[in-house]
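First comes the structure, then the notes that go with it.
Quick note: the coordinates plus some simple rules give every number you see, no bench work behind them. These numbers were taken from a predicted model, which means no experiment stands behind them. Positions of Cβ are backbone-derived with ideal geometry, glycine not excepted, and every protein chain shown enters the neighbour counts.
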Amino acid sequence: VWNNCLQYIKANIGEQSFTTWFAPIQPVKLENNVLTIQVPSQFFYEWLEEHYVHLLRKAIDTQLGPNGRLEYSVIMDKGNAHQTPYMVNYSANNRAQYGQQMPTNGQAVVETKRVPDAQLNPNYVFENYIEGDCNRLARSAGHAVAKKPGITSFNPLMIYGGVGLGKTHLVHAIGNEIKQNLPDKYVLYISSENFVNQFIEAVQNNKTQDFTAQFLQVDLLIIDDVQFLSGKEKTQEVFFHIFNQLHQANKQIVMTSDCPPRELKGLQERLLSRFKWGLTADLQQPDFETRIAIIHKKMKADGIYIADNVIEYLAYTVDTNIRELEGVLISLIGHATLTRREIDLELAKQVLKNIVHDIESEVGIDFIQKTVADYFRVSLDDLKDKTRKKEIVIARQVAMFFAKAYTNHSLKSIGYHFGGRDHSTVIHAVQSVEDMMDTDNKFKTSIDELKKKMKIKAS
Ligand code: ADP
Ligand code: MG
């Protein structure tokens, strides 16, 4: 049955879309007119639902008739397939119910059901939290806390870092890990914003006792984005009280913030001093390798394939934070699917241009060479030639690095623009620059300054 459906679908959409979204689907079973198909990820499921629901419905109609139903089974990131509560329902009932909305075709209509959200996002686990230099301490501290909540000296554990760097993911991972290993522990996740709102509501209803009491039950309290408590004196007071009680009872507290505790303005000193009792760990911007690894992970999770040169391009270009990197990836896949194009470098550049404003075709090799030569005060001719003087070698490597990151040129073409070197020299240059950025802060600052210059030109 599924094969026939596939034939139908194939005849109605582009090849690339078919390969991306339908080839990976596995039929699981057909029972009582219900066809179950297995999809590689939650994201994949949502994408199908959003973009291909009508097509799927028609395909099912041709095979099972209007009473046929389709159910999805989503392979979870952890590797165990399970039956999801999501289903696409084609029953006659629904047809009647939705008939008015879809008067013309009189066909079955789709209904999606969702279970209520748990506080913890089951997709945020350690298994898919990529480790890198940028997060090593925070990640291992989180892991230690998850193994022995309340017992390690990491109490409270305070994770801080800029937006999109993985704070929320990490603290959910801690919660999920504890729930899995120590199921009778009571884990509570709450954003500071919700904490404030719930407190205000409790005050209005004269229920502040109840409000406090619910938090005193927990074994692990995760409170996200505490910078949001800033300036909210009453809420801070009640939080201070909860904090002390839990801490005294050896209950684990995990907090996140968008800046280091000492920079948290508008928070009472006594709270801040308590935040320092345990361990404070930061999340940095992801380095290049970590960005590559994150793209790989995401591709695998979503069951899609992207060529290496495109992955590298994305990793070079989107260096701000992980959320942005993921956003770009999703847009790219979206573009490819909607325009029925293959995901290649050209498409990646086009999509990125709309999202990240950094890169523009205007930044060509000539411009990069001139900017870098000026910056390092070396002669442009030397830069483009074969001199092996140390300052020139470094400037040249930097220029190659930018040429690779910011232009369409192939490695071979870049080599050609620098005195006819071969592509391995360019790879080596890029690598050296990456390494130096990791080890030499002054050098990293230079690169950042250069980046800014390129961005100004681009905008
Ligand atoms: P923050 O709370 O710091 O703003 P999030 O935890 O919401 O950031 O992370 C943003 C996105 O990046 C999420 O989709 C998250 O899954 C992903 N992410 C962050 N860090 C990692 C990591 N180390 N490995 C894999 N994905 C990550
Ligand atoms: Mg967050």
**Report entry** Counting DSSP beta bridges with both ends in the chain, the antiparallel % (nearest 5)
**Finding:** 30 percent
Report task. Give the residue from ILE13, ALA348, THR445 lying farthest towards the positive end of the charge dipole for the chain; charges sit on Cβ (+1 for Lys and Arg, -1 for Asp and Glu) and the dipole is referred to the Cα centre. Result -> THR445
Report summary line: For LEU70, the residues 5 or more places away or on another chain with a placed amide H closer than 5 Å to its own amide H are LEU35, VAL88, TYR90
**Report entry** Amide H partners (placed H, <5 Å) of ILE75, local residues excluded
**Finding:** VAL39, SER41
Query raised in the report: Roughly how many debye, to the nearest 20, is the charge dipole of the range 365-458 about its Cα centre, given +1 on each Lys and Arg Cβ, -1 on each Asp and Glu Cβ, and no other charges?
Result: 180 debye
Query raised in the report: Taking amide hydrogens as modeled 1.01 Å from N in the peptide plane, which residues meet the under 5 Å criterion relative to SER257, leaving out close sequence neighbours?
Result: ILE159, TYR160, GLY161, ASP225, VAL226
Report summary line: Karplus ³J(HN,Hα) for the range 192-207 (6.51 cos²θ - 1.76 cosθ + 1.60, θ = phi - 60°; Hz, whole; x = Gly/Pro) runs 4, 4, 5, 4, 4, 4, 5, 5, 4, 4, 4, 4, 4, 9, 6, 10
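Please give the charge dipole size of the chain, origin at the Cα centre, charges +1 on K and R Cβ atoms and -1 on D and E Cβ atoms. Round to the nearest 20 debye.
Computed charge dipole of the chain: roughly 240 debye.
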**Report entry** Rounded to whole Hz, the Karplus (6.51, -1.76, 1.60) HN-Hα couplings of the range 419-435, x for glycine and proline
**Finding:** x, x, 7, 8, 5, 5, 5, 5, 4, 4, 4, 4, 4, 4, 5, 4, 5
Query raised in the report: Do any of LYS390/LYS455; LYS265/LYS444; LYS349/LYS444; LYS167/LYS232; LYS404/LYS451; LYS412/LYS442 go past 19 Å between their Cα atoms, and which?
Result: LYS390/LYS455; LYS265/LYS444; LYS349/LYS444; LYS167/LYS232; LYS412/LYS442
Query raised in the report: Applying the Karplus parametrisation 6.51 cos²θ - 1.76 cosθ + 1.60 with θ = phi - 60° to the phi angles of the range 285-290, what ³J(HN,Hα) value in whole Hz is obtained for each residue in order, glycine and proline being reported as x?
Result: 4, x, 7, 4, 4, 5
Query raised in the report: Counting Lys and Arg as +1 and Asp and Glu as -1, each charge on the Cβ, what is the dipole of the range 288-355 about the Cα centre in debye, to the nearest 20?
Result: 200 debye
Query raised in the report: Where does the chain land at 222 nm, in deg cm²/dmol rounded to the nearest 500, when only DSSP H runs of n ≥ 4 count, each adding -39500 (n - 2.57), divided by all residues?
Result: -16000 deg cm²/dmol
Query raised in the report: Which one of LEU271, HIS428, GLY132 has its Cα pushed farthest toward the positive end of the charge dipole of the chain, where Lys and Arg give +1 and Asp and Glu give -1 at the Cβ?
Result: HIS428
Query - Relative exposure of SER41, SER230, judged by other C-beta atoms within 10 Å (fewest first) - result: SER230, SER41
Query raised in the report: What does the charge add up to near PHE18, with Lys and Arg as +1, Asp and Glu as -1, over the other residues with Cβ less than 10 Å from its Cβ?
Result: +1
Query raised in the report: Between the range 246-284 and the range 371-442, what's the alpha-carbon centroid distance in Å?
Result: 44 Å
